[in-house]
């Protein structure tokens, strides 16, 4: 029996039809490479309409690159980057950040994947001490790797705290759209307006084939990015095919529709799981993922049918992801499977 | 007037329709990410059918990554990598190789972009001397950045020389297909069979949207590649969309047809240019590019209409590229434009 | 008034007279550079007599280099290095380890600066997972940065645990001699015999001017060290002047005498401080340093007279260091100063 | 028979007695570490008296570190550093510059180890092109690795050319003192006054035990140096022992006396060798080294008695070094040995 991988990750989904159509349409004759083409210019213009005309926008292939190259651009190798223990940057980038930036990651334990000023404060030592890595950036993930979301108040406090301490704020926004939907805010309100400096703006997990954007809200700090992007192997030649995806992403608010749908499915999944006494939802469901505790014996059986991640095997917590194309029936099937397993 | 960019690069072309169709077809439901999917397995199987079942094949986004990650996997930071002065590795990768590998590039001047044992020999000093970078790999480009091609005899001699000196051989094969067609050999005959150890196997310049393969002909030296790929930001999540392109690439020998056509167009372009007394072809045309000397005053005028690269402004040598979708009429137009410019 | 810096660090001491004499004596005519000289050969021979003839020994300038170069030699950039939160490697090397190795430091909170298998275990995740840094080495400090010492049983368990998990064990032995004295064991018994793989063997903090040794207990893993040492800017030309120091270090067991004296002074200092009700010794005194809690108002006053480190200003814990040349009277002065401050 | 190593390198010499005395004298009680001590402050003050009070001076262990850390401080990883093919930076630093800076070395062939504007000009391509390494620094060696010296006019032209092209100028001054003596200029006249931006100021080859200084003539570009020094493992704890050497170096112009003597001995050696018909001096003798062609059969015999470097075995060119303690009689012996070999 083939494993059902539907809930394994939001990147298990294919490409949204509108995005695919944009790719096909972009395949129209010759076009200058490396981002000088009209589709790319148009796409960057659209993103500037969202965030302000005075920002800098660059496309890269994937989220790890958006994070690493964005951070490299604003750090020296003797700096440190502060992040939550659960950050993708820390856990799932195979020490790419350390290798490419040289920086130390200062890793802060959290319960819900969210940094707070009071959590960061004890780690802010050694500023000016030549023996110690110099803190330079706080990197947060919005929505987090645990499916939680920073609200406006939390964002404001965090950015304000960071800036007071001469730290920049980077947002790993692989699932920024899901956060915006949950918070009922637009993308600018939860990034630039609260004081974020650098944004990894994700597309792939929200219906795109490949391609993410790095947005610098202050052009001054962005000036070296293009060289690091090339050096970092992330300058795509046929860039129009990334740009076209972003154009479709913003047309008729596809980004919002996809994220809204995915979030809604996660709520539905959560609600259905809540009906099962043995299951416990262990993190707030504020985006498109559900973290559910499932007793080991049931969990094992469920994994024979479904592929999904259990990052801490001891904790028996399943991460179940929804996306723009998750079907309600699939959720029902999953929940019923689990019910049947428990019944036996 | 918009510049005509048709001859600017083979990556100015769009995507071959068969490749695009394969991408669209791959967008079929859920699929596990990061290369565990069936399309990727199938694609790797096809490449192994070409090169031997005991090779290792990995996909990355682009050619610079194929080069850098392939080389990183077989070097330590105290090694040196030997290449021609014209190598993409040296000229157009923004010191990405130095940054990611730590290695020194030993850069050897050539007339035609081709390394030879006698050119390399004087640079093979310091083996075992702890003060000096230790030579580890010879990297050649096939076909070269100047449009020339190593023949079988040259390849055999070079690989044999390298191996005698405990050096591995890497081929930057961004345009390997064009070389194979020119030499009337299959891909294995010009790589594995002559002794090549690592191959960057290009797709993008030959009709693909994005995606290249790294092929190790000895699995033992490949063992760390997957970690370097992830760390190097080159592991794509929705890998099926690269793999599907390679599947189409090998179906009905599309790779060969595209390269054959591009080479043919380059010959046609060369022949037409040869008819103009003022123009001089400065490199052998053995792939899909033509290097043509055009007197400065005509060159300037031509560049007002056409975008193409002139890497050494002093030399007045235009690099004119053909691809799978170059039209004969476009070549005629280009040549006529030049004629008209000269006439005036 | 000049600050008294005597207790600030064991590197505030000068050079032991016997070491200085050896340096002066080594200044005798011409000598081949970079370690091929007789003094160096003799010195390495002496270290091999201590640890076994089948080890590899290399000299570097300082302890940070011994750590970083030793670790670089046995890691790839996608590996992780496990260490205590208090490790010099983590706190006081300005992300040099991350920059030079590319590796992630996996930082484990401890109460006493000592790692234990049960502390490490939860962090051993992701082995073989290409998204995650691959654990490769456990680095411990002996004696620790908090003045505590791993006993033989702890060392045996840790090394055995590490090896079972395919991890190497590195010891930052900047103060190894102090640990050996405390444990009443010879240097081999607390390193090689318990299973340590790589040792940074410190001299500077124990009476030398500059110079540390890196000892590999398995020559196979040492093979690249010499290239990394040169590349890492740590190959000294006039090496005889480091080697001569090590020769003196081992003659008449100077290393042991110095460490024994320093440890004794630390015990004396501890005992004197214990007599002051307001002061609390916060870590076991098992080497040459005393960690003492001093109420903030007294601490501030004391710091007007004495320079010493208080790494966590909130905790009001003074680190007071003894060395081979700490005088009993100086300790009495310090303690009396504190008494007087409290009395007022 | 033991090989005579006297002419093998200027670092085969021991330490000048005045320097050694200063080291011994510095061993006087406690002293704060890492450069905050009075001896260091005094030493830096002396260097500022030579070069101007508005410069920044830092000590490191050795010359390779002075070069690499000085260059790292003023470059980003996408920059290139221009140097002669013979540069120590290129040949004898085991790709340490590439590893630590990430930069590409642009290596320019020269006949005499000296760069000139017209040699550099053809390599200044790609400024602003995101695909290419961005030239940032010209690094020259004064006096050169071939024993030649840039005169004031050459220095002025080179620096002026560099600055016009937005390039900084770095001088590897491992043998700067020898150049100053040859040119009959003081140290400032041949560095700051001609426009040099960063200087690696060597001590070890001119009578010191260890220790070099990095001098930035513009404090603004020096601001990150201290962090890179620590991260680069080059911050010595007992710094007073480097500083004391520099103090002695400047007292009674020891630096000048030593260099003057070494240069004089090189002239004497050259003159004696010139009397042997079979020998040919192949580079101008403008510092403390003599490059002499010796026919292979004689060279081989001579190397049985004397250790010296022959960097290009095919060229049969011996590099013979003089230092502050080279004896006239030793030169006579060497020359006589060669005569006897030839006679037989």
Looking at this structure, is residue C:64 facing chain A (nearest Cβ under 10 Å) and either in contact with a helix residue (DSSP H, G or I) (Cβ under 8 Å, 6 or more places away or on another chain) or more than 16 Å from residue B:76 (Cα to Cα) (or both)?
yes
Within the stretch A:93-113, the residues that are without any contact (Cβ under 8 Å) to a residue 24 or more places away in the chain and either facing chain C (nearest Cβ under 7 Å) or closer than 18 Å to residue C:97 by Cα (or both) are A:94, A:95, A:98, A:99
Please state which of the following conditions residue C:11 fails to meet, knowing it meets all the rest: (1) more than 30 Å from residue C:260 (Cα to Cα); (2) at the interface with another protein chain (Cβ under 7 Å from one of its Cβ atoms); (3) modelled with pLDDT of 95 or more.
(1)
Filtering the stretch B:14-25 down to residues that are over 24 Å from residue B:322 (Cα atoms) and more than 8 Å from chain A (Cβ to nearest Cβ) yields B:25
Mind counting the residues in the stretch D:194-251 that are part of a helix (DSSP H, G or I), in contact (Cβ under 8 Å) with a residue 12 or more places away in the chain and within 14 Å of chain A (Cβ to nearest Cβ)?
6
Pull out all pairs, ordered by first then second residue, where Cβ-Cβ is under 8 Å, the residues are six or more apart or on different chains, the first lies in the stretch A:53-70 and is closer than 13 Å to residue A:233 by Cα, and the second is surrounded by fewer than 24 Cβ atoms within 10 Å (Cβ to Cβ) and at pLDDT below 95.
none
Close pairs from the stretch C:301-315: first under 11 Å from residue C:338 (Cβ atoms), partner outside any helix (DSSP H, G or I), Cβ under 6 Å, at least 6 apart
C:306/C:4
Do we find that residue C:28 is exposed (fewer than 15 other Cβ atoms within 10 Å of the Cβ) and facing another protein chain (nearest Cβ under 9 Å) in this structure?
yes
Here are the criteria: (1) away from chain D (no Cβ under 14 Å); (2) part of a loop (DSSP other than H, G, I, E, B); (3) surrounded by 24 or more Cβ atoms within 10 Å (Cβ to Cβ). Tell me which single one residue B:53 does not satisfy.
(3)
Those residues of the stretch B:308-317 that are more than 10 Å from chain D (Cβ to nearest Cβ) and more than 19 Å from the chain's Cα centre (by Cα) come to a total of 3
Those residues of the stretch A:252-292 which are crowded, with 21+ Cβ neighbours inside 10 Å and part of a strand (DSSP E or B) amount to A:289, A:290, A:291, A:292
Is it true that residue D:148 is in contact (Cβ under 8 Å) with a residue 40 or more places away in the chain and within 18 Å of the chain's Cα centre (by Cα)?
yes
Assess whether residue B:21 counts as being surrounded by fewer than 22 Cβ atoms within 10 Å (Cβ to Cβ), free of Cβ contacts under 8 Å to residues at least 60 places away in the same chain, in a helix (DSSP H, G or I) and not assigned by TED's automatic domain parsing to the domain that holds residue B:304.
no
Restricting attention to the stretch D:147-164, does a residue exist that is out of contact with any helix residue (DSSP H, G or I) (no Cβ under 9 Å at 6 or more places or on another chain) and under 19 Å from residue D:51 (Cβ atoms)?
yes
Tell me which of these residue D:318 doesn't satisfy, since it passes every other one: (1) surrounded by fewer than 21 Cβ atoms within 10 Å (Cβ to Cβ); (2) at pLDDT 95 or above.
(1)
Matching residues in the stretch B:68-92 - criterion: being outside any loop (DSSP other than H, G, I, E, B), more than 7 Å from every other protein chain (Cβ to nearest Cβ) and under 25 Å from residue D:124 (Cα atoms)
B:81, B:82, B:83, B:84, B:88, B:89, B:90
Inside the stretch C:310-334, can you point out the residues that are out of contact with any strand residue (DSSP E or B) (no Cβ under 9 Å at 6 or more places or on another chain), assigned to a loop (DSSP other than H, G, I, E, B) and within 18 Å of residue C:260 (Cα to Cα)?
C:323, C:324, C:325, C:326, C:327
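The values are calculated or read from the model by the stated rules, or taken from the named source; none is laboratory data. Given the structure is predicted, the values throughout are model-derived calculations rather than measurements. Cβ coordinates were reconstructed from backbone atoms using ideal geometry, including for glycine residues, and neighbour counts include every protein chain displayed.
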